[in-house]
1. At 222 nm, what helix-only mean residue ellipticity would the chain give, in deg cm²/dmol to the nearest 500, using -39500 (n - 2.57) for each DSSP H run of four or more?
2. Compute the length gained on full extension between residue 3 and residue 59: take 0.36 nm times their separation in residues and subtract their Cα-Cα distance, giving the result in nm to one decimal.
3. Mean 1/r over all different Cα pairs, inverted: what Kirkwood radius does the chain give, in Å?
């Protein structure tokens, strides 16, 4: 029962990651990535992760930050595509 509760608590991350992978490059994808970070920050009671999300958001919204998020997302997508290809 505990494992099921844990799965239900963290399951939204799957939807958020899927939405990020399906979003358009640039700002839409960054906004999805930020939602993931915000969700993760809600899982703790410390303030430092909230501050970290705020600071990372400022970086992610720059041109270089968007390029980094797009690159990481594209690489994850390539990896998952390869893993899903039947032999």
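1. Helix-only estimate at 222 nm: -26500 deg cm²/dmol.
2. Values: separation 56, 0.36 × 56 = 20.16 nm, distance 3.56 nm.
Result: 16.6 nm gained on full extension.
3. Numbers: mean 1/r = 0.0701 Å⁻¹.
Computed over the chain, the radius equals 14.3 Å.
Readers should treat all values here as calculations from the given coordinates under stated rules, not as data from a laboratory. As the structure is a prediction and not an experimental result, all values here were calculated from the model.
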